Amino acid sequence: MKLPLEGFTVIELGTHVVVPNAGRFLADWGADVIKVEAPAGEEWRKVGPSYCTPMTDEENPLFQEQNANKRLIALNLKSGEGKAVFLRMVAKADVFMSNVRMRSLTKMGLDYETLRQLNPTLIYAHFTGYGTEGAEASKPGFDMSSFWARCGAMRDWSDPEGFPFKPPGGFGDAATSAAFTTGILAAIIGRQNSGKGTFVTSSLHACGLWYNQTGILSAQYGNQYPPSPKEARNPFTHIYQCGDGEYLITTVPNYDANFNRVMEAMGLEQYCDDPRYCRRTPQGLFAGDNLRDFISILNVRFMEKSRDEWMEIFARADIACERLLHQRDVVDDRQAWDNGCLRRVDYPASGMSAAFPTVPVRFSEYPVSGMRMSGAVGRDTGEVLEEYGYSKAEIHSMQRDGAVL
């Protein structure tokens, strides 16, 4: 059975995470994604030591997560021959995707207006840090800066008395890549209707604002950030420490409608219908010290049982609640394995076995893609170039000249 994007060819000139991650979506769904690197390899191959992970050709999990199921070629785009190879490939491609800054692409003659003359049906997908317009359009951007810092999350999601939090690298990139992939797929559908290619663009900055929409909107109406742990406006959507020192979060958006149900589940029936803790009246939860008092009551009660005991209690009551897992514990999550959210990869050379998160979409009528791991720079150059009409002699000549690897 064919995968949904089989027959589509994608040329990826992407570095780091967003564009390669979007390419991984497309590759897992059947597209022939050809990743083009410089002969030295792209920079994300080399970040392993910053995250305590290996960075060899055989075992480079951070690079492999974004680049599995792609074919890898290496071209020197500064050479005439290398650029000619690239243009031959783009002329037959469905999608070209890149996060190289536009001024560099334009300098190389790889801008949208130039490539659309070569291939009028080309979908040209370009990703930036800060968008295509304005004084900061050419500013370099990474997820820590353009996504997290600029959308208000780093500052206002932190403990109000603590240092701003720093998320793991690539988190904003990975979230953003889903939006970018959606735009590419919409362009593919649009081309089927119009017969025309298009320029698709998105940015870390734009996606950071989009994903933090609730915080940005509510702050304009007076919602205070960072929130105090002692003053959650909805005490039933809040984090609590349990008697074993572990944490959980309850998630009950409709506070008033579920008040008595939560109180009964927690063994706090004496507070059912208590007017001090209702949010509907001026004398209720937000009057005086009522909010702090109620959260203090809940804090004391949660400390009387372990996290797992509370999880069982809320499960029986069908109240949404979840453990705050450590990242090291996620790979032991049975639910993730049962749903194919994790896939184990063995590395014979080191004896290491790593659990990789998988592309988080499934189709009923298509099989789950395999996982061909990435490898050395230019691993598939010869194979791909032969498919584009180059002879072995021509490929060897270009390799000697440094045009390809």
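With a Förster radius of 30 Å, plug the Cβ-Cβ distance of residue 335 and residue 57 into 1/(1 + (r/R0)^6) and report the FRET value to the nearest 0.05. Don't skip to the answer; put the middle values down first.
On the way: r = 34 Å, r/R0 = 1.12.
With a Förster radius of 30 Å, E is 0.35.
Label point of residue 364 set 7 angstrom out along Cα-Cβ; within the stretch 324-346, no amide nitrogen lies under 12 Å from it.
Among 243, 267, 197, the largest mean-square fluctuation in a Gaussian network model of the chain (Cα springs under 10 Å) belongs to 267. Once you sort the root eigenvalues of the Cα gyration tensor of the stretch 1-116 as a ≥ b ≥ c, which label holds: rounded (a/c under 1.5), prolate (a/b larger than b/c) or oblate (the other case)? Taking the square roots of the gyration eigenvalues as a ≥ b ≥ c, the stretch 1-116 is oblate. Entry comment: accessible area of the chain is 52 Å² per residue, from protein heavy atoms only and a probe of 1.4 Å. Quick one: compute the contact order of the stretch 25-172, relative version, from alpha carbon pairs under 8 angstrom and 6+ residues apart, as a percent. Reported as a whole number, the value is 15 percent. Mean separation of Cα pairs under 8 Å and 6 or more residues apart, divided by the residue count, gives the stretch 308-356 a relative contact order of 20 percent.
For the stretch 207-264, state which chymotrypsin sites (Phe, Trp or Tyr not before Pro) are in a DSSP loop and have at most 13 other beta carbons lying within 10 Å of their beta carbon.
Values: sites: 210, 211, 221, 236, 240, 247, 255, 259; in loops: 221, 236.
Answer in residue order: 221.
The trypsin sites (Lys or Arg not before Pro) of the stretch 145-202 that meet both conditions, a loop assignment by DSSP and at most 16 other Cβ atoms within 10 Å of the site Cβ, are 196.
Using 0.36 nm per residue of separation minus the Cα-Cα distance, give me the extension gain between residue 346 and residue 324 in nm, one decimal. Provide the component values of the computation, followed by the final result.
On the way: separation 22, 0.36 × 22 = 7.92 nm, distance 2.80 nm.
Going from the current span to full extension adds 5.1 nm.
Note on the chain: Cα-only Rg and Dmax are 25.8, 85 Å.
All C-alpha pair distances within the stretch 50-106, sorted into 10 Å bins from zero, spread as 17, 39, 32, 12, 0 percent across the bins. Cα-based radius of gyration for the stretch 336-405, normalised by 2.2 N^0.38 Å, reads 1.65. Rolling a 1.4 Å probe over the protein heavy atoms of the chain, with every protein chain left in place, gives an accessible area that is 53 percent carbon and sulfur.
Taking square-rooted eigenvalues a ≥ b ≥ c of the alpha carbon gyration tensor, is the stretch 205-314 rounded, prolate or oblate, where a/c under 1.5 means rounded and, failing that, a/b exceeding b/c means prolate? The shape class here is oblate.
What do you get for the angle between helix 255-265 and the principal long axis of the chain? Use alpha-carbon atoms, 0 to 90 degrees, nearest ten. Around 70 degrees separate the two axes. The modelled label-to-label distance for the pair residue 371/residue 43, using points 7 Å beyond Cα in the direction of Cβ, is 2.7 nm. Each label point was placed 7 Å from the Cα along the Cα-to-Cβ direction; for residue 231 and residue 308 their separation is 3.8 nm.
With the convex hull constructed from alpha-carbon coordinates only, the stretch 238-278 shows a mean projected area of 3.3 nm² over all directions. In nanometres, what is the gap between the two model label sites at residue 260 and residue 401, each 7 Å from Cα along Cα-to-Cβ? Distance between label points: 8.3 nm. Compute the separation of the alpha-carbon centres of the stretch 344-394 and the stretch 54-94 and state it in Å as a whole number. Using only Cα atoms, the two centres lie 12 Å from each other.
If you plug the beta carbon distance of residue 199 and residue 84 into 1/(1 + (r/R0)^6) with R0 = 35 Å, you get a FRET efficiency near 0.90. Counting only alpha carbon atoms, the long axis of helix 171-194 and the longest principal axis of the chain meet at about 60°. In summary, the convex hull built on the alpha carbon positions of the stretch 267-383 has an orientation-averaged projected area of 14.7 nm².
What do you get for GluC sites (Glu not before Pro) in the stretch 295-377 restricted to DSSP loop and a cutoff of at most 10 other Cβ within 10 Å of the site's Cβ? Display every interim value, and only then the final one.
Values: sites: 304, 309, 312, 322, 365; in loops: 304, 365.
Taking the stretch 295-377 and a limit of 10 other Cβ atoms within 10 Å, the loop GluC sites (Glu not before Pro) found are 365.
Residue 70: net charge of surrounding residues, Cβ under 14 Å, Lys/Arg +1, Asp/Glu -1, itself excluded? Provide the component values of the computation, followed by the final result.
Working: positive: 24, 35, 45, 71, 372, 379; negative: 12, 28, 32, 37, 42, 65, 380, 383.
Once all neighbours under 14 Å are counted, the net charge is -2.
Treating each Cα of the stretch 344-383 as an identical point scatterer and summing with the Debye formula, the log10 of I(q)/I(0) at q = 0.23, 0.26 Å⁻¹ comes to -0.94, -0.98.
Under a Cβ-Cβ cut-off of 9 Å, what is the net charge of the residues other than residue 18 that fall near it, where Lys and Arg count +1 and Asp and Glu count -1?
On the way: positive: none; negative: 143, 173.
Local charge sum for residue 18: -2.
Seen against the Cα atoms of the chain and their longest principal axis, helix 290-302 is set at about 80 degrees.
So if we plug the beta-carbon distance of residue 388 and residue 353 into 1/(1 + (r/R0)^6) with R0 = 35 Å, what FRET efficiency do we get, rounded to 0.05?
Working: r = 37 Å, r/R0 = 1.07.
Result of the calculation: an efficiency of 0.40.
As a check on your grasp of the helix formula, calculate [θ] at 222 nm for the chain: sum -39500 (n - 2.57) over DSSP H runs of n ≥ 4, divide by the residue count, round to the nearest 500. Result for the chain: -10000 deg cm²/dmol, rounded to the nearest 500.
The values are calculated or read from the model by the stated rules, or taken from the named source; none is laboratory data. Fair warning: this is a prediction, and the values are worked out from it, not measured in the lab. Because the Cβ atoms are built from the backbone with ideal geometry, glycine has one as well, and the counts that use them run over all protein chains shown. Just so you know, the surface numbers come from the protein's heavy atoms only, side chains and all, with ligands and any DNA or RNA stripped out. Shrake-Rupley method; radii C 1.70, N 1.55, O 1.52, S 1.80 Å.
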